[in-house]
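Accompanying notes for the structure given below.
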């Protein structure tokens with residue numbers, strides 16, 4: 001599933017649509033839950049792809065979604081990833 005989401009997120013033309021339909025929230029949620037290194041890398045890559053889009057970045061800030069990224073970072077620091 002992580003690989004499929006990462007591949008889907010690689011399509012620049014649909015980044016905002018993925019975010020708008022809840023894809024970014026799904027990726028972030030999955031990143032919180034998984035402990036598999038491969039899944040973590042793929043999810044991080046998918047999140048990075050989506051955040052490369054200007055409209056997605058603006059939507060994240062407008063929706064006050066930055067805390068989700070901070071939470072993932074803190075979680076990874078806590079477990080030493």
Enumeration of residues in segment 13-31 that are over 22 Å from residue 67 (Cα atoms) and either touching a residue at least 60 places away in the same chain (Cβ under 8 Å) or out of contact with any helix residue (DSSP H, G or I) (no Cβ under 8 Å at 6 or more places or on another chain) (or both): 13
Residue match in segment 48-61 (condition: part of a loop (DSSP other than H, G, I, E, B), under 13 Å from the mean Cα position of the chain (by Cα), modelled with pLDDT under 90 and surrounded by 12 or more Cβ atoms within 10 Å (Cβ to Cβ)): no
Criterion violated by residue 39 - all others in (1) modelled with pLDDT under 90; (2) over 17 Å from residue 70 (Cα atoms); (3) out of contact with any helix residue (DSSP H, G or I) (no Cβ under 6 Å at 6 or more places or on another chain); (4) assigned to a helix (DSSP H, G or I) satisfied: (3)
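Of everything in segment 38-47, what is farther than 19 Å from residue 62 by Cα and either within 8 Å of the chain's Cα centre (by Cα) or free of Cβ contacts under 8 Å to residues at least 12 places away in the same chain (or both)? Give them in sequence order.
Pass one, segment 38-47, residues farther than 19 Å from residue 62 by Cα: 38-46.
Residues satisfying the conditions are 41, 43, 44, 45, 46.
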Segment 52-61, residues that are closer than 19 Å to residue 72 by Cα and touching a residue at least 24 places away in the same chain (Cβ under 8 Å): 52, 56, 59, 60
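The values are calculated or read from the model by the stated rules, or taken from the named source; none is laboratory data. The structure presented is a predicted model; accordingly, all values stated were derived computationally and were not measured. Heads up, the Cβs are rebuilt from the backbone with ideal geometry, glycines too, and the neighbour counts pull from every protein chain shown.
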